1. Which of these, B:213, B:96, B:70, has the largest mean-square fluctuation under a Gaussian network model of chain B (Cα springs below 10 Å)?
2. What fraction, in whole percent, of alpha-carbon pairs in the protein assembly as shown exceed 28 Å separation?
3. Among A:67, A:10, A:55, whose Cα lies farthest out toward the positive end of the dipole of the protein assembly as shown, if unit charges sit on the beta carbon of Lys, Arg (+1) and Asp, Glu (-1)?
4. Tell me which residues come under 5 Å, amide H to amide H, from residue A:58 once H is placed; ignore anything under 5 positions away on its chain.
5. About the Cα centre, and with charges only on the beta carbon of Lys, Arg (+1) and Asp, Glu (-1), how big is the dipole of chain B? Nearest 20 debye, please.
6. Compute the acute angle (0 to 90°) between the alpha-carbon long axis of helix B:129-141 and the principal axis of greatest extent of the alpha-carbon atoms of chain B; round to the nearest 10°.
7. Remind me, relative contact order of chain B in percent, using alpha carbon pairs under 8 angstrom and six or more residues apart?
8. Specify the residue with the greatest mean-square fluctuation among B:35, B:154, B:191, computed from a Gaussian network of chain B linking alpha-carbon atoms under 10 Å apart.
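Taken together, the values in this text are just the output of simple stated rules run on the coordinates, not laboratory data. A quick note: this is a predicted structure, and the numbers were derived from the prediction, not measured. Quick reminder, even Gly has a Cβ in these numbers, built from the backbone with ideal geometry, and neighbours come from all protein chains shown.
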Amino acid sequence: MSARTEELRLDGNALGGALLELLGPEGTASVATCGSCGARGELARLVVYVRCPGLVGRCPACDAVLVSVVEGPDQTWVSLAGLRTVELRR
Amino acid sequence: MAGAAVLGGLTTGWQVAEVVDAVDETPRVRTLVLSAPDWPGHRAGQHLDVRLTAPDGYQAQRSYSLSSAPGEPPAITVERLEDGEVSPFLVGELRPGDRLEVRGPIGGWFVWEPALGGPLLLVGGGSGIVPLMAMARLRAAAGSEVPARLLLSSRSWEDVIYRDELAALADGPRGLEVVHTLTRSQPAGWSGYARRVDEELLREVAWPAEANPQAFVCGPTAFVESIASGLVALGYPPERVKTERFGATG
C-alpha cells in the first residue's frame with residue numbers, strides 16, 4: 001500500500017460528522033454488525049477511507065464495504081447497505 | 001447564517017463560531033479558542049468539523065480534535081501541513097474576531113471521563129496529543145486520582161505541543177506521568193528516549209496488562225496501528241485500546 005493511500009486510511013471516528021444528523025453526536029459509539037461476516041463492533045472501529053470522494057467504511061474483520069457517505073452542499077447521501085444492524089443508543 | 005439552521009426538523013449542525021483567542025503552541029501549531037453560541041458542551045476526546053467556503057463557493061472541510069477540558073469553551077489545536085488546504089489558513093491567517101463554520105461536538109467512543117477509571121495510558125504521536133490533552137486537563141480539573149501516564153512522541157523538543165503545561169500537569173504526587181520521546185533531534189544533554197516508539201519502549205512505559213489499564217492512542221495511521229498492536233501483544237484486550245487516526249490532508 002502506498003504512503004499516499006495510507007494517509008487516506010483512517011477509522012470510524014471520521015464518520016461522526018457526516019452521520020451527525022442520522023445517528024447523533026455520539027453515533028460513532030453505536031454498535032454495528034457486518035452483513036457479510038457478522039463481526040460486531042462500534043462504528044468508530046471501522047476502517048474508513050476518506051476522499052473516495054466521500055467516506056467509505058469497511059469491516060475491520062472481512063473488509064466488506066459497510067457504509068458510504070457523500071456530503072454535498074445541500075444533501076448527504078448515505079448507504080448503510082453492508083450492515084446487518086446498527087444498535088442506536090438512547 | 002446565525003446559529004445552527006433547522007431544516008425540516010433536522011439540525012444541519014453547522015454554526016458560525018468566532019475565534020476569541022489564538023495561542024501559538026509551537027512554530028507550526030496553533031490553538032484557536034472559539035465562541036460558538038449553540039455549543040452544547042463536549043466530552044474529552046471528541047472532535048469538531050471545520051468548514052471553509054471560498055468566495056467562488058468551493059468548500060473544504062476537516063476534523064480537528066478538541067483540546068479544551070469539558071466545561072471550557074471549545075478549542076482546537078491545529079498543526080500546519082504545508083501543502084494543506086485548510087490548516088495553513090487556520091494556523092497562519094485566522095485572527096481573534098474572525099469567523100468560521102463548525103459542527104460538533106462529535107464522537108462517543110474515543111472519550112474518557114474519570115468514572116471510566118484506569119489506570120489510564122495515553123499515547124500520542126505529534127499532534128495526536130490534542131484529544132489526549134483534553135483528557136489530561138479533565139483529569140486535573142476534576143481532581144481525579146486515576147493513575148495516568150502519557151507517552152508522547154515528538155520530532156524535537158521545539159515540536160512538543162503544550163510543553164510547559166505538560167510539565168505543570170506532571171507536578172505533584174498524583175500528577176500526570178509524562179514520558180517524552182524525541183525522534184528526530186534532541187537537546188544537548190537529553191537523557192530521555194530518542195527513538196520511535198517500539199515494542200521495548202512500550203513495554204518499559206505502558207502499565208502492565210494485569211492492572212487492567214484503559215489506553216487511548218492518537219496519531220498518524222501508521223503510528224496508531226503500531227502502538228495498538230504493540231499494546232495487544234503486551235496483553236491489553238483490544239477493547240481496552242481505543243484509537244483515533246488522523247490523515248495528512250491538512
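1. Looking only at B:213, B:96, B:70, the biggest GNM fluctuation is shown by B:96.
2. 40 percent
3. Sorting the options by dipole projection puts first A:67.
4. Amide H neighbours of residue A:58: A:47, A:48, A:49, A:66.
5. Magnitude of the dipole: close to 260 debye.
6. In chain B, helix B:129-141 runs at an angle near 80 degrees to the longest axis.
7. Taking the mean separation of contacting Cα pairs over the length of chain B, I get 18 percent.
8. Of B:35, B:154, B:191, the most mobile in the Gaussian network model is B:191.
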